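To keep things clear, I will list the structure first and then write my remarks on it.
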Amino acid sequence: MSIKIETGRGIYELKSAAPIERSIDSIVLTISLERADGIEKVALRCKISAAIVQADELDAPDKLIERIAPWIRREIEVTREAALKSIRSEHRLLEIAFDSANRGPFTS
């Protein structure tokens, strides 16, 4: 399943790009962001503390993407630039951590 978001840069499709990675206290979700016109595609990783998500979301990447999508839409410029820079200069995917100190889209 994919989620579409409308931004100032155009329409982006968000979808899971890899299986969820798990540890005892967190999960890592790899998300692909692709512009609808195909001109741009970037991926990033979201490390999410298990303590801030509901139990039924731990095995549901689509539910997690639904919660993250509005946050990405608001933060698209900064997130996109940071993801592209990380890939170009560090040769790795940007990883954004959401935990009790930085809840991001997981406020409720």
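With all protein chains present, calculate the accessible area of SER16 using a 1.4 Å probe and round the result to the nearest 10 Å².
Solvent-accessible area, nearest 10 Å²: 40 Å².
With every protein chain kept in place and ligands, DNA and RNA left out, what is the accessible area per residue of the chain? Probe 1.4 Å, answer in Å².
Ligands and nucleic acids excluded, the figure is 56 Å² per residue.
Would you mind computing, in nm to one decimal, how far apart the modelled labels at ILE20 and ALA55 are, each placed 7 Å from Cα along Cα→Cβ?
Taking the simple label geometry, ILE20 and ALA55 are separated by 1.4 nm.
Per residue of the range 2-14, what does 6.51 cos²θ - 1.76 cosθ + 1.60 with θ = phi - 60° give for ³J(HN,Hα)? Whole Hz please, x for Gly and Pro, Karplus curve as stated.
Calculated HN-Hα couplings, in order: 10, 10, 9, 10, 9, 10, x, 8, x, 8, 10, 10, 10 Hz.
From the phi of every residue in the range 88-94, what ³J(HN,Hα) in whole Hz does the Karplus formula 6.51 cos²θ - 1.76 cosθ + 1.60 yield, where θ is phi - 60° and glycine or proline is x?
Coupling constants for the range 88-94: 5, 8, 9, 6, 8, 6, 4 Hz.
Near the amide H of ALA18, under 5 Å away, which other amide H atoms are found, from residues 5 or more places off or on another chain, if H is placed in the peptide plane?
Here the answer is THR30, since their amide H atoms fall under 5 Å of that of ALA18.
Report the trypsin sites (Lys or Arg not before Pro) located in the range 1-48 that are in a DSSP loop and have at most 11 other Cβ atoms inside 10 Å of their Cβ, or state none.
Here no loop site has a sparse enough neighbourhood.
Determine the calculated [θ] at 222 nm for the chain from helices alone, applying -39500 (n - 2.57) to every DSSP H run no shorter than 4 residues and normalising by the residue count; nearest 500 deg cm²/dmol.
-7000 deg cm²/dmol
Of LYS63/LYS85; LYS4/LYS85; LYS41/LYS63; LYS4/LYS63, which ones are farther than 18 Å apart at the Cα?
LYS63/LYS85; LYS4/LYS85; LYS41/LYS63, as the Cα separations exceed 18 Å there.
May I ask for the net charge around ASP37, where only other residues with Cβ less than 12 Å from the Cβ of ASP37 are counted and Lys, Arg are +1 while Asp, Glu are -1?
0
Can you give me the angle between helix 76-85 and the longest principal axis of the chain, using Cα atoms only, in degrees from 0 to 90, rounded to the nearest 10?
So the helix axis and the longest Cα principal axis differ by about 80 degrees.
How tilted is helix 61-74 with respect to the longest principal axis of the chain? Cα atoms for both, answer in degrees (0 to 90, nearest 10).
For helix 61-74, the angle is close to 50 degrees.
About the Cα centre of the chain, how large is the charge dipole given +1 on each Lys and Arg Cβ and -1 on each Asp and Glu Cβ? Please answer in debye to the nearest 20.
260
Could you please report the charge total around PRO19, scoring K, R as +1 and D, E as -1 over all other residues with beta-carbon less than 14 angstrom from its beta-carbon?
0
Take the Cα of ALA101, step 7 Å along the line toward its Cβ, and report every residue of the range 40-57 whose backbone nitrogen sits under 14 Å from that point.
49
Spelling out what I want: for every residue of the range 25-39, take phi, set θ = phi - 60°, compute 6.51 cos²θ - 1.76 cosθ + 1.60 (Karplus), and round to whole Hz; glycine and proline get x.
10, 7, 10, 10, 10, 9, 10, 9, 10, 10, 5, 4, 7, x, 6
Expected output is a single nm value to one decimal: the length gained when fully extending between ARG92 and ASP62, i.e. 0.36 nm times separation in residues minus the C-alpha distance. What is it?
Between ARG92 and ASP62, full extension yields 8.5 nm more.
Whose amide H sits under 5 Å from the amide H of LEU33, counting only residues 5 or more places off or on another chain, with H placed in the peptide plane?
Result for LEU33 returns VAL42, ALA43, LEU44.
The values are calculated or read from the model by the stated rules, or taken from the named source; none is laboratory data. The structure presented is a predicted model; accordingly, all values stated were derived computationally and were not measured. Backbone-built Cβ (ideal geometry, glycine too); neighbour counts: all protein chains shown. Areas reflect the complete protein model, heavy atoms only, side chains present, ligands, DNA and RNA absent. Shrake-Rupley method; radii C 1.70, N 1.55, O 1.52, S 1.80 Å.
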